[in-house]
Amino acid sequence: MNTSNIAVIAIDGPTASGKGTVAQRVALRLGFHYLDSGALYRLTALSALRKNVLLNDEHGLAKLAASLPCQFIGDEVWLAHENVTNAIRAEDVGNAASRIAALPAVRQALYGLQLGFRKAPGLVADGRDMGTVIFPNALLKVFLTASVEARADRRYKQLIDKGFPANMDDLLKDLKERDARDANRAVAPLKPAEGALVLDTSAMTADEAVEQVLSWFTAARHGAR
Ligand code: DC
């Protein structure tokens, strides 16, 4: 099936930039599907931690990624018969996800799975390489970012809300390390895609960011006609 004419909004950016919230709300407003590509790396990481697959075993990890028994049901993420929506958000899983995301065979194993999310009437895809690698012909590409302090603050609140322990200094250090790893890896490093519009949300509410993306999308749609 040719899906290349189905509209995609690619929203990339660093961890805890708020892109997940913004992407989900944009998808809801437009009635589009939503892809949380980070969840796929987190699911692979969680699966590896549970099955004792080493985080440098590229072949073993790629095998796990290629046969992930995952399902996205509304806001929930399931791995086989378990609801892992909260478990994949834990810091150790996020760190492991960031490490295995640097492995080309893992990225390759998740490639086709991600393309499968492109369905009518459209898709909002959230990640690091949505606009650069997975959907390079997206109708709109947004690079959504925020200062590391604003992001640490948001992550802190998220963790506390979910009942996880959190320490601000550790979070800041962790975010900086993860930024460096995501931006400096050899494959699909985090960087704005060509033609991406940059949105710095440090001093913006999620709703303001949503409105900006929607207005860019309307303009992109008109431009494409
Ligand atoms: O967005 P997130 O924090 O849930 O992503 C978890 C990790 O997965 C992140 O450290 C980098 C990686 N990732 C990636 O490499 N490519 C993507 N498209 C999405 C996430």
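The values are calculated or read from the model by the stated rules, or taken from the named source; none is laboratory data. All values reported here derive from a predicted model rather than from experimental measurement. As a convention, Cβ positions derive from the backbone with ideal geometry for all residues, glycine included, and neighbour counts pool all protein chains shown. Please note that ligands, DNA and RNA were not included when accessible areas were found on the heavy atoms of the full protein model with its side chains. Shrake-Rupley method; radii C 1.70, N 1.55, O 1.52, S 1.80 Å.
A straight chain from D161 to L115 at 0.36 nm per residue would run longer than the Cα-Cα distance by 13.3 nm. How many angstrom lie between the C-alpha centres of segment 186-206 and segment 51-100? First find each Cα centre; the distance between them is then 25 Å. Calculated on C-alpha atoms, the gyration radius of segment 36-122 divided by its Kirkwood radius gives an Rg/Rh of 0.95.
In the distance distribution for segment 127-225, Cα-Cα pairs more than 17 Å apart total 62 percent.
Distances between placed amide hydrogens fall under 5 Å for V84 paired with V77, W78, L79, all partners being 5 or more residues away or on another chain.
Near the amide H of L144, within less than 5 Å, lie the amide hydrogens of D12, G13, L199, all on another chain or at least 5 residues away, with H placed in the peptide plane. Bridging of K119 to lysines at a Cα separation below 28 Å is possible for K19, K63, K141, K191, once same-chain residues fewer than 8 apart are set aside. What a 1.4 Å probe finds exposed on the chain is 53% carbon and sulfur by accessible area, rounded to a whole percent. Around the amide H of Y34, modelled in the peptide plane, lie the amide H atoms of V124, all under 5 Å away and 5 or more residues distant in sequence or on another chain. Counting only DSSP beta bridges whose two residues both lie in the chain, roughly 25 percent are antiparallel. Sorting 74-86, 27-39 by their mean Cβ neighbour count within 10 Å, with the most densely packed peptide first, gives 27-39, 74-86.
Which helices, counted as full DSSP H runs in the chain, have an axial Cα extent of no less than 15 Å and a Kyte-Doolittle average of -0.5 or above? Membrane-span-like by this rule: 19-30, 37-50, 104-115, 206-224. I need the calculated FRET efficiency for the pair N52 and A186, taking r as the beta carbon distance and R₀ as 25 Å, to the nearest 0.05. Here the calculated transfer efficiency is 0.40. Extension gain for L197-A224 works out to 8.1 nm (0.36 nm per residue, less the C-alpha to C-alpha distance).
For the chain, give the magnitude of the charge dipole about the Cα centre (Cβ charges: +1 Lys/Arg, -1 Asp/Glu; no others), in debye to the nearest 20. The calculated dipole for the chain is roughly 540 debye.
Set against the 2.2 N^0.38 Å expectation for a compact globular protein, the chain has a Cα radius of gyration ratio of 0.97. Applying 1/(1 + (r/R0)^6) with R0 = 41 Å to the Cβ-Cβ distance of N2 and I73 gives a FRET efficiency near 0.90. Its relative contact order, with pairs defined as Cα atoms under 8 Å and 6+ residues apart, puts the chain at 33 percent.
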